[in-house]
1. I'm trying to understand the selection: among the residues of region 50-64, which are open to solvent by 20 Å² or more (accessible area, probe 1.4 Å) and either at pLDDT 90 or above or not acidic (Asp, Glu) (or both)?
2. For Pro212, only one of the following conditions fails: (1) over 18 Å from Asp88 (Cβ atoms); (2) at pLDDT 85 or above; (3) open to solvent by 60 Å² or more (accessible area, probe 1.4 Å). What is its number?
3. Can you tell me how many residues in region 184-214 are closer than 15 Å to Ser87 by Cβ and in a helix (DSSP H, G or I)?
4. Considering only region 159-181, I want to know if a residue exists there that is loosely packed, with under 13 Cβ neighbours inside 10 Å and either at pLDDT 95 or above or of a type in the set (A, V, I, L, M, F, W, C) (or both).
5. Among what's in region 65-78 and is closer than 30 Å to Lys118 by Cα and of a type in the set (A, V, I, L, M, F, W, C), pick the residue that is least open to solvent (accessible area, probe 1.4 Å).
6. Where the second residue is part of a strand (DSSP E or B) and open to solvent by less than 10 Å² (accessible area, probe 1.4 Å) and the first is on the phi > 0 side of the Ramachandran plot and lies in region 82-99, which pairs have Cβ atoms under 9 Å and are six or more apart or on separate chains?
7. Hey, among Val193, Val120, which residue is β-branched (Val, Ile, Thr) and either under 18 Å from the mean Cα position of the chain (by Cα) or farther than 26 Å from Glu250 by Cβ (or both)?
8. Any residue at all in region 118-138 that's open to solvent by less than 20 Å² (accessible area, probe 1.4 Å) and either assigned to a loop (DSSP other than H, G, I, E, B) or of a type in the set (D, E, K, R) (or both)?
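The values are calculated or read from the model by the stated rules, or taken from the named source; none is laboratory data. Computed from a prediction, not measured in an experiment: that's the story for all the values here. In this analysis, Cβ positions are derived from the backbone assuming ideal geometry, glycine residues included, and neighbour counts consider all displayed protein chains. When the accessible area is computed, the model is the full protein with side chains, heavy atoms only, and any ligands, DNA or RNA have been set aside. Shrake-Rupley method; radii C 1.70, N 1.55, O 1.52, S 1.80 Å.
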Amino acid sequence: MNNHHIRLVISGTYSTGKTTTTTALSILTGIPLINALSAREILTDLYPGRRFQDMTADELMALGLKRFEKRVRAETIAYKEAGSFISDGSVLNEWIYGTVRMKVGINPGSTMPHRIAKAVMGIPFKPFMKKYLTSYGTVVQQHAKEWYTDVVHLPVEFPMDPDGHRPVSEEYRTLSDQEIRISFKKLGLAPFVVGGTVVDRLQTIVDRYHLPQIMPVEEAIKLAQQRITTNREAVAKRMIEQYHELTLGEKVKLMTKY
């Protein structure tokens, strides 16, 4: 593979180390990073004060579309400027997360009463949601097939980061991991699975794709961790500032709105 024309996806579901691995790989190789706004960042802009576990179906659709827009824009810029990029996740992620929500509930990280209420209220809406996700899937799959040259998949190897902001359950995470792999295989982009420590991952990826290395691996990881920590602290601060404790009436309204 000519690394000057590689458009590499670092794939995986929640808490698999995608952001750390991708950021460090970009710093290590000098290849541009596609790190479109995270779901948490978009949430603070679209729905200030809202928690993931309380989001309604239409809000989740809006968030997914916004992430798709931001990612496609970032990929286009990187491609025009450098002819290659390394992507933290892919356009498939939000689509797959949506399809998995149809199986386990749209708010898998919420309380049991909340999930039961949503399941009941969602019965009349599910046919439309499935059609919408089918159409959305057609678009993102075509984009992935045309834009990505290679896929590295990070498997689920350790528990989720207990940061209080991940709107998922372990069942959701496991199903998402499976669907991501299957989807890429169907597109002819069979994922190369890479596990182990971040150091092991980076060295394996560099060797596999013959990528340039402009600094020591350990230095790239340190710089990546500093960058990620700074960003996450800023987002967490913004979310805390925006959040207000819901009244009983507001909680009931959210629980009974699909």
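1. Those that are open to solvent by 20 Å² or more (accessible area, probe 1.4 Å) and either at pLDDT 90 or above or not acidic (Asp, Glu) (or both): Arg50, Arg51, Gln53, Leu60, Met61, Ala62.
2. (3)
3. 3
4. Checking region 159-181: not a single residue is loosely packed, with under 13 Cβ neighbours inside 10 Å and either at pLDDT 95 or above or of a type in the set (A, V, I, L, M, F, W, C) (or both).
5. Phe68
6. Final answer for the pair search is Gly89/Val9; Gly89/Ile10; Gly89/Ser11; Gly89/Ile34.
7. Unique residue meeting the criteria: Val193.
8. So far as region 118-138 goes, yes, one or more of its residues are open to solvent by less than 20 Å² (accessible area, probe 1.4 Å) and either assigned to a loop (DSSP other than H, G, I, E, B) or of a type in the set (D, E, K, R) (or both).
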